[in-house]
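Only the coordinates and a few stated rules stand behind these numbers; no lab work does. Values in this document were obtained by computation on a predicted structure and should not be read as measured data. Using ideal geometry, Cβ is built from the backbone for each residue, glycine included, and neighbour counts are taken over all protein chains shown.
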Amino acid sequence: MKNTDKRIGIISNRKRQSQEVYYLLKDKLRKNNFILNDKNPDIVISIGGDGMLLSAFHKYENQLDRVRFVGLHTGHLGFYTDYRDFELDKLIENLKLDTGAKVSYPVLNVKIHHGDGEVSVKRALNEATIKRSGRTMVADVVINQVHFERFRGDGISVSTPTGSTAYNKSLGGAVLHPTIEALQVAEVASLNNRVFRTLGSSIIVPKKDKIEVIPTWSDRHSLSIDNQHFLYNNLSKIEYQIDHHKIHFLATPSHTSFWNRVKDAFIGEVEE
């Protein structure tokens, strides 16, 4: 079977095991007549762990409409990975049988308004978290044009449904199935006492609604978007919405269901 119409991009971390798998997989793909193309791929294979898949997402986030992703793990079980490092032949066979099927998940759009009027836009697969550098952050939270609360604390995290199992979960947020196109707002160490008051629990916001976080101080803030970190001076506002693009994963018999991923990641096998 010829597969010359499929362009495959591969991205790997620098660990020895991942590099060994990287070169072995490249050799197997060539022998099976796949085209290796990191610039304009149809399918991107990330080798490493969930962090590597996040890096792959950001590398190709301007090609989301045409690229499908597949994760290959070289360590512990990953939330975004369907294959282990000893399953290369299985991956190759599934690529041969691929018909273009995909599993799609929502992506977070983050619009950053700077004090000088400049606006920059970024995307997140898991979450975006804003904090004030070294001090308590004070910010107004506006949901769908309704002033919801004045937040005081370490920061605010906004996550996608797939990101609900990441930092959001450690903040006490709920786990959302990715077919529920919604965002989740979670407070990071909020101050709640007789003087200051916030809701104190995570909030599920529907697809159509926009979330705005408006800092009351214009000094330095940090913004973490997945595994990327940025520092900004003089932020005026950050807007969060469901992006009109989605991330697409390769749908094969090895693509693990969301609830199996949640079970494997957090519960495992229960002894009776």
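Overview of results
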| quantity | calculated |
| --- | --- |
| Additional length obtainable on full extension of the chain from Asp65 to Leu97, 0.36 nm per residue less Cα span | 9.4 nm |
| Volume of the Cα convex hull of region 107-245, divided per residue and given in Å³ | 102 |
| Globularity ratio of the chain, using Cα Rg and 2.2 N^0.38 Å | 1.10 |
| Cα centroid of region 19-80 to Cα centroid of region 99-166, whole Å | 27 |
| Pairs of lysine residues in region 107-245 - Cα separation under 22 Å, sequence separation of 8 or more or cross-chain | 19 |
| With Cα atoms, 0 to 90° folded angle of helix 50-59 axis to the chain main axis | 90 |
| Length-normalised contact order for the chain - Cα pairs under 8 Å, 6+ apart - percent | 20 |
| Mean ellipticity per residue at 222 nm, deg cm²/dmol - from DSSP H runs of n ≥ 4 across the chain, formula -39500 (n - 2.57) | -5000 deg cm²/dmol |
| Only Lys, Arg (+1) and Asp, Glu (-1) charged, at Cβ; the chain dipole about Cα centre in debye | 500 |
| DSSP loop chymotrypsin sites (Phe, Trp or Tyr not before Pro) with at most 16 other Cβ within 10 Å excluded, longest remaining stretch of the chain | 87-195 |
